[in-house]
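In what follows, a structure is listed as structure tokens, so that the remarks can point back to it.
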Amino acid sequence: MDIAEVARRSGLPASTLRYYEEKGLIASVGRHGLRRLFDSGVLERLSLIALGRTAGFTLEEIAGVFAPDGRPRIDRQQLAARADALEHTIRRLAALRDGLRHAAACPAPDHLACPRFRRLLRLAAATQRRARPASPAAPRPDRSRPGRGAR
């Protein structure tokens, strides 16, 4: 398949396919003129990459999943650790969701008068303190800007 067909079938732009090839995640098998050619197995590999990205793995971690012969060698302990981290994130986000829903429906005349809302504020402050670097000389990167995602 040429790169346009892989892009169409995978839903990924050709630029991402070229980037993945540059990073060693996929490999073309040749060229037809200027177009890269891929074997049909590249679609399954792209699906594995998509699953890894969805689970929060970096491209470098995903690259380590593939053996030199190109076959996947998935570390089950790494998967279990990622599942545990996702479970922690889910619990934290569920608690946040519940707190926000309560705040939206709270009958208190002022949110600051609501004990549950104040608890939510304390949790947010504690989370912020834990995320802050130990040294004030080390500024934190601005993570609010768009465009930080990998291809």
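The values are calculated or read from the model by the stated rules, or taken from the named source; none is laboratory data. As the structure is a computational prediction, the values presented were derived from the model and not from experiment. Every residue, glycine among them, receives a Cβ derived from its backbone with ideal geometry; neighbour counts consider all protein chains shown.
Annotations
- Some residue of segment 110-117 being outside any helix (DSSP H, G or I), assigned by TED's automatic domain parsing to the domain that holds G24 and not polar (S, T, N, Q): no
- Filtered by the rule that a residue be of a type outside the set (S, T, Y), crowded, with 16+ Cβ neighbours inside 10 Å and either within 24 Å of the chain's Cα centre (by Cα) or part of a loop (DSSP other than H, G, I, E, B) (or both), segment 1-13 gives M1, V6, A7, L12.
- When D110, D98 are screened for being among the charged types (D, E, K, R) and surrounded by fewer than 10 Cβ atoms within 10 Å (Cβ to Cβ), only D110 passes.
- Within segment 18-55, the set of residues being surrounded by fewer than 11 Cβ atoms within 10 Å (Cβ to Cβ), of a type in the set (S, T, N, Q) and outside any helix (DSSP H, G or I) comprises just one member, S40.
- Whenever a residue of segment 90-102 is closer than 26 Å to A55 by Cα, its partners that are assigned to a helix (DSSP H, G or I), lying with C-beta atoms within less than 6 angstrom and at least six residues away or across chains, give the pairs G99/L120.
- Hey, I74 in a loop (DSSP other than H, G, I, E, B) and either under 18 Å from E5 (Cα atoms) or not polar (S, T, N, Q) (or both) or not: yes
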